[in-house]
Amino acid sequence: MCGIVGYIGYRQAQPVLLNCLSKLEYRGYDSCGIAVNNGHLRGFKDAVRVEALKAELPSLEGSLGIGHTRWATHGKPTAINAHPHFDCTGKVAVVHNGIISNFEELRLHLLKEGHTFVSDTDTEVIPHLIEKYYQGDPIGAFQTALTRLEGSFAIAVLFEKYDKLLVSRRESPLVVGIGDNETVIASDVPALLEYVDNVIYLEDGDTAVISKDGVLIEQNGAAADRTVHHVNWDRSKVEKNGYDHFLIKEIHEQPDVIKDSLSGFFGSQEEEKDSLIDSNLSGLTMLGCGTSYNACLVGKYIFEELLGIPVRVESASEFMQRGRIISSPVVIGLTQSGETADVLLSLKRLKKPQVKILVITNVPGSTASRIADQVIYTAAGPEMSVAASKSYMAQLIELFKMAFTSKLLDTATRERLLKEFRSLNVIVQRVLETEREIAECANILARSSTAFYVGRGINYPTALEGALKLKEISYIHAEGYAAGELKHGPLALLDEKTPVVALVTPEEVYGSMVSTVKEIKARGSPVIALADERDDSIASIADFVIKLPHTSGIFAPVVNVVALQLLAYYAAKFRGCPIDFPRNLAKSVTVV
Ligand code: AGP
């Protein structure tokens, strides 16, 4: 978790590095720093955000440099622990994302040999190891040092009086952006978009030597050919474009995300498709973390309801801890970043000839996409806010598309639902138009220290997602609960200071949701109900009603989640929270 960048080319490195780092702050922002090499190596770092570092920095001349933005794992977020880290001579500078699991042992050896450490980080062993092995050949020293490292890493190294950038990766992501007479490396594509359109996703174990003349990639001592991918992400998607926060911009992008996800879908869904969820499938396992896990739960309802396939949903962080792995013939991994360590480890454990792995991810070339037997790329575009919104929407749309293209779905249901599916972007746009009313309800949440979100059936995962959104960006404690479970315990917590957000959408669960709302009201809790625009009776029971466009029950997750995203956003805004950069969180969780 942390972002690294590097630059070599014709521009001054300092502004490029800082610009790229600012696009990577979603990966961590406890502290940051850069080092620039123009024959002489100079570094600067502090426990501040990138914007503040810009103001503090002296001008570091040179067109070769590295940078880092940190999410602390080993050692507190202080200036000393910030990257780059140096060897004893100050002639080797290193930035690192990942965890060196054998750093204590290495550090002890290096201390015995007389090396001096200044930080509490695991990373600092890397420049000292390189120093130890350096005998006039930077590449050799780097490669020997790599053989001593255990754990995960993406590393970039500068040597004084050496005009090349050395990088390597194992498990942590690293992308090499190829421009005209310049190369930019970064942990993730959004950081590079301003400078390059073509990227190489380094493979596990790759080492690259990057000079002004180009990039040489090696794996196990042999030259490795890697595909150059053209990235056609819209650059404006990595800017706020007048919005106060990335999150609200990304919430508003959702109608377009739906349109993009459906582009080319209508007309083609009748075609014969080689789908993993058709042929005599006895069961499906879906896994993910956080918001992607919640999307899996929605997927379970979609596939079980529409296709009659039994679906098991696993939280990847739990699944990877299991002793015995019992797998279905098909596994679907959902991950926006494609780099979530818990998901990657789970998928690696599941990878067997008799198991087919399908990954739904937003990042082309991400590690998860390379583990998969089949990949579906979501059409969310780059998501900059730590809190996921449009990527969740894009995941839901892909799950619906899978169900609608399955031969297991009966024609009448397909035809009825496809009509609505086609206009979901317009329906979501209408939810966005209720923003002002939702913001008023958010005021109630903003004044509370705890809240409940309840739903039944397909709306239960949306209750979990709404609560997760509120927690992560507003710091208000929130519980997402299956409405029917309230009476089995949590009802004891309800009082007039505990607002409850109830998802009261029509169809099968409507009657039982109304009973739940009455139970809640009997305990004095204020109820904010999300209800169908055609529902005239809920207003007499709930305190506040957010009226949402009518849809079939199966599409309720699409409509409801947008309202809950807005609710969380405005609650966080009223509380003055740093919405795009919630404390203690990073967008890609690349550690377990
Ligand atoms: C979402 O708002 C969260 N920030 C987080 O739960 C996220 O969904 C989770 O870390 C999984 O990430 P992934 O989709 O990139 O695997």
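Could you give each residue of the stretch 88-93 its phi-based ³J(HN,Hα) in whole Hz, using Karplus coefficients 6.51, -1.76, 1.60 with θ = phi - 60°, and x for Gly or Pro?
Result, rounded to whole Hz: 5, 8, x, 9, 10, 10.
Please give every one of the lysines within straight-line cross-link reach of residue 521, meaning a C-alpha to C-alpha distance under 18 Å, and leave out same-chain neighbours fewer than 8 residues apart.
Within the straight-line limit of under 18 Å, residue 521 reaches these lysines: 487, 497.
Full-extension gain between residue 523 and residue 488, please, as 0.36 nm times their residue separation minus the C-alpha to C-alpha distance.
Numbers: separation 35, 0.36 × 35 = 12.60 nm, distance 1.46 nm.
Taking 0.36 nm per residue and subtracting the Cα distance, the gain is 11.1 nm.
Through the Karplus equation 6.51 cos²θ - 1.76 cosθ + 1.60, θ set to phi - 60°, convert the phi angles of the stretch 21-33 into ³J(HN,Hα) values in whole Hz; use x for Gly and Pro.
4, 5, 7, 9, 5, 5, 8, x, 7, 5, 6, 7, x
Indicate, rounded to the nearest 5 percent, the antiparallel portion of the DSSP beta bridges found entirely in the chain.
60 percent
Can you list the residues, at least 5 places off or on another chain, whose amide H is less than 5 Å from the amide H of residue 79, using H built in the peptide plane?
For residue 79, the qualifying residues are 47.
Between residue 314 and residues 5 or more places away or on another chain, which pairs have amide H atoms under 5 Å apart, with H built 1.01 Å from N, and which residues are they?
286, 287, 288
When the gyration tensor of the stretch 210-252 is built from Cα positions, what are the square roots of 5 times its three eigenvalues, in whole Å, from largest to smallest?
38, 12, 10
From the helices alone, meaning DSSP H stretches of at least four residues, give me the mean residue ellipticity at 222 nm for the chain, per-run term -39500 (n - 2.57), in deg cm²/dmol to the nearest 500.
Computed mean residue ellipticity for the chain: -10000 deg cm²/dmol.
With only alpha-carbon pairs counted, each pair once and no self-pairs, how large is the Kirkwood hydrodynamic radius of the stretch 432-580 in angstroms?
The answer is 14.7 Å.
Using θ = phi - 60° and the Karplus curve 6.51 cos²θ - 1.76 cosθ + 1.60, what whole-Hz ³J(HN,Hα) does each residue of the stretch 361-369 get, with Gly and Pro shown as x?
Going residue by residue, I get 9, 9, 10, x, x, 4, 4, 4, 5 Hz, with x marking Gly and Pro.
Taking the simple approach of a point 7 Å from Cα along Cα-to-Cβ for both residue 443 and residue 74, what is their distance in nm?
Label-label distance for residue 443 and residue 74, simple model: 5.1 nm.
Can you pull the three principal axis extents for the Cα set of the chain, in Å, largest first?
Sorted largest first, the three principal extents are 79, 53, 45 Å.
Specify whether the C-alpha gyration tensor of the stretch 3-232 places it in the rounded, prolate or oblate class, a ≥ b ≥ c being the square roots of the eigenvalues: rounded for a/c under 1.5, otherwise prolate if a/b is larger than b/c and oblate if not. Present the calculation step by step, with values, prior to reporting the outcome.
On the way: a/c = 1.43, a/b = 1.14, b/c = 1.25.
Cα axes put the stretch 3-232 in the rounded bin.
I'd like the FRET efficiency for residue 475 and residue 322, computed as 1/(1 + (r/R0)^6) with the beta carbon distance as r and R0 of 35 Å, rounded to 0.05.
0.65
Quick one: which of 300/587; 471/587; 469/573; 91/164; 259/401; 237/401 span more than 21 angstrom between C-alpha atoms? Provide the component values of the computation, followed by the final result.
Details: 300/587 25 Å; 471/587 15 Å; 469/573 13 Å; 91/164 14 Å; 259/401 13 Å; 237/401 24 Å.
From the list (300/587; 471/587; 469/573; 91/164; 259/401; 237/401), the Cα-Cα distance tops 21 Å for 300/587; 237/401.
May I have the convex hull volume per residue, in Å³, for the Cα set of the stretch 238-422?
113 Å³
Please state the relative contact order of the chain as a whole percent: Cα pairs under 8 Å, 6+ residues apart?
Details: 1323 pairs, mean separation 69.7, N = 592.
It rounds to 12 percent for the chain.
Could you calculate the contour length gain from residue 370 to residue 354, that is, 0.36 nm times the residue separation minus the distance between their Cα atoms, to one decimal place in nm? Let's see the in-between values first.
Numbers: separation 16, 0.36 × 16 = 5.76 nm, distance 1.77 nm.
Between residue 370 and residue 354, full extension yields 4.0 nm more.
Using only the Cα atoms, work out Rg/Rh for the stretch 361-458, with Rh taken as the Kirkwood radius, to two decimals.
My calculation of the ratio gives 1.05.
Bear in mind these aren't lab numbers, they're just calculated from the coordinates by the rules spelled out. Please read these numbers as outputs of a predicted model, since none were measured by experiment. Don't worry about glycine lacking a Cβ; one is built from the backbone with ideal geometry, like all the others, and counts go over all protein chains shown.
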